[in-house]
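Below you'll find the structure, written out as structure tokens, and then a few comments.
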Amino acid sequence: MAQNTIGTAFKVTTFGESHGNALGCVIDGCPAGLLLDMHEVQAELDRRKPGAAFKGERNAAVTSRKEADEAEVLSGVFEGKTTGTPIAFVIRNTSQHSKDYGNLAFTFRPGHADWGYFAKYGFRDYRGGGRSSGRETAARVAAGAVARQLLRSLLGDTCKITAYTERAAGVSIEKVDFSQIEENPLRAADSKAAEKMAEKIEEARLAKDSVGGIVSCRITGVPAGLGEPVFGKLDAELSRAMLSIGAIKGIEFGSGFAVADSYGSKNNDSMQAAGDGTGVQLATNNAGGIAGGISTGADIFFRLAVKPVPSIFRCQKTVSVKNEAGSFSYQDTDLVIEGRHDVCLCPRIVPVVEAMAAIVLADLVLQQRSARL
């Protein structure tokens, strides 16, 4: 299978399946000498891992599958520092219930990649979706934790990537308070709104259904000039990274689709010299921190549409396949999905979004170092 790698100067390749022995990643291009904090890597994996309770209480939004998600370093780190050679992480799978997927061997789940994989390859790993499972994102989070530490070493502590749930189950936040994101199980930037979200999510769970939402991300401390002017545009690279996350169905930067009803006189971000005359400031940020594919120095801001979890426990109409004498035949059937599944993906996607943003930025920062004298 091609296209398992993202990045040019900072390359990340992920491998593994949901119900295989393990999954992991290989990071190539990380400079030598970076003091790598594995506790930080593990902390990011803990934010994403399945079965995680919130302050000791069950989180109704997430799957009951429990995995330790402990990252084991295979190469590229010696005495706590990166060596400049490929960094390899492996994360063992320890809680596979593959029998839950036995009825999917010849049946395609609506909303999943089952049919697409089968149409492409004529064969698929039906256990939890195999390579298309959201579990693959654990490897991305491990790589993203390395990228974040690299960004701090290159750009300083002012570079921060913060994602949060803006909307879930039809309930939107009414304010943005970063201090509340890790204080509620939805990772919403408004704890009161999170309570209402949780109520709606529980209603969906009891109804054997699922919900979607919106995850927003704000990145501060990125200097102007990052990104390539044509095919390596910063917003294009971020979009590619975000849309590679299975549940993401849309992205918008800054004012997003609202610009379609705006005027140039209102949408243009007016500019002025910084107070000390050493740079440029923008009065507004409708562009979301990116213009012409290059960072402006303003905060980078984008919003992501997250689809409802496709694995629901209701009877659904679908299709099954038979292989008869080397020829495939298809027939209508009903399907009730079994197993352990999330009800709302937003809280677990938040750390994945941050990880993918960090990987893109680390890649472009390293490219920028060779762009000028």
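The values are calculated or read from the model by the stated rules, or taken from the named source; none is laboratory data. Remember, predicted model here, so these are calculated numbers, not experimental data. As a convention, Cβ positions derive from the backbone with ideal geometry for all residues, glycine included, and neighbour counts pool all protein chains shown. Side chains are part of the model used for accessible areas, which takes the heavy atoms of the whole protein and leaves out ligands, DNA and RNA. Shrake-Rupley method; radii C 1.70, N 1.55, O 1.52, S 1.80 Å.
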Highest GNM mean-square fluctuation among 169, 362, 224, for the chain with Cα springs under 10 Å, belongs to 224
Specify the residue with the greatest mean-square fluctuation among 297, 144, 24, computed from a Gaussian network of the chain linking alpha-carbon atoms under 10 Å apart. 297
At 1.4 Å probe size, with every protein chain present, just tell me what the per residue accessible area of the chain comes to in Å². 48
Given 120/196; 81/249; 196/266; 11/317; 49/266; 49/160, the pairs whose alpha carbons are separated by over 32 Å: 120/196; 81/249; 196/266; 11/317; 49/266
Would you mind working out the magnitude of the charge dipole of the chain relative to its Cα centre, with +1 at each Lys and Arg C-beta and -1 at each Asp and Glu C-beta, to the nearest 20 Debye? 600
Ordered by number, the trypsin sites (Lys or Arg not before Pro) in the stretch 208-306 that occupy a DSSP loop and have at most 13 other Cβ atoms within 10 Å are 208
Among (i) 20.9, 69; (ii) 21.6, 77; (iii) 21.3, 64, the entry derived from the coordinates for Rg and Dmax of the Cα atoms in Å: (ii)
Count the DSSP beta bridges whose two residues both fall in the stretch 65-211, then state the antiparallel fraction as a percent rounded to the nearest 5. 90
Where the accessible area of the stretch 226-346 is counted over protein heavy atoms with a 1.4 Å probe, how much of it, in %, is carbon and sulfur? 54
At 0.36 nm per residue, and after removing the present C-alpha to C-alpha distance, how many nm does the segment from residue 319 to residue 154 gain when stretched out fully? 54.3 nm
Place a point 7 Å from Cα of residue 94 in the direction of its Cβ. Which residues in the stretch 7-35 have their backbone N less than 14 Å from it? 22-23
Provide the gained length on full extension for the span residue 2 to residue 271, in nm with one decimal, where the gain is 0.36 nm per separating residue minus the Cα-Cα distance. 92.5 nm
Label-point separation, residue 331 to residue 70 (7 Å along Cα→Cβ), nm: 4.8
Within straight cross-link reach of residue 192, meaning Cα distance under 20 Å, which lysines are found once same-chain residues fewer than 8 apart are removed? 55, 175, 200
Lys/Arg Cβ at +1, Asp/Glu Cβ at -1, dipole of the chain taken about the Cα centre: which of 247, 129, 351 is farthest positive-ward? 129
Gain on full stretching of the segment that runs from residue 307 to residue 37 - 0.36 nm per residue minus C-alpha separation: 93.8 nm
If I build a Gaussian network model for the chain, linking alpha-carbon pairs within less than 10 angstrom, which residue out of 270, 153, 295 has the largest mean-square fluctuation? 270
Carbon + sulfur, % of accessible area of the stretch 174-218 - ligands and nucleic acids excluded, 1.4 Å: 49
Once amide hydrogens are built 1.01 Å from N within the peptide plane, the residues lying 5 or more places from residue 341 or on another chain with amide H under 5 Å from its amide H are 64
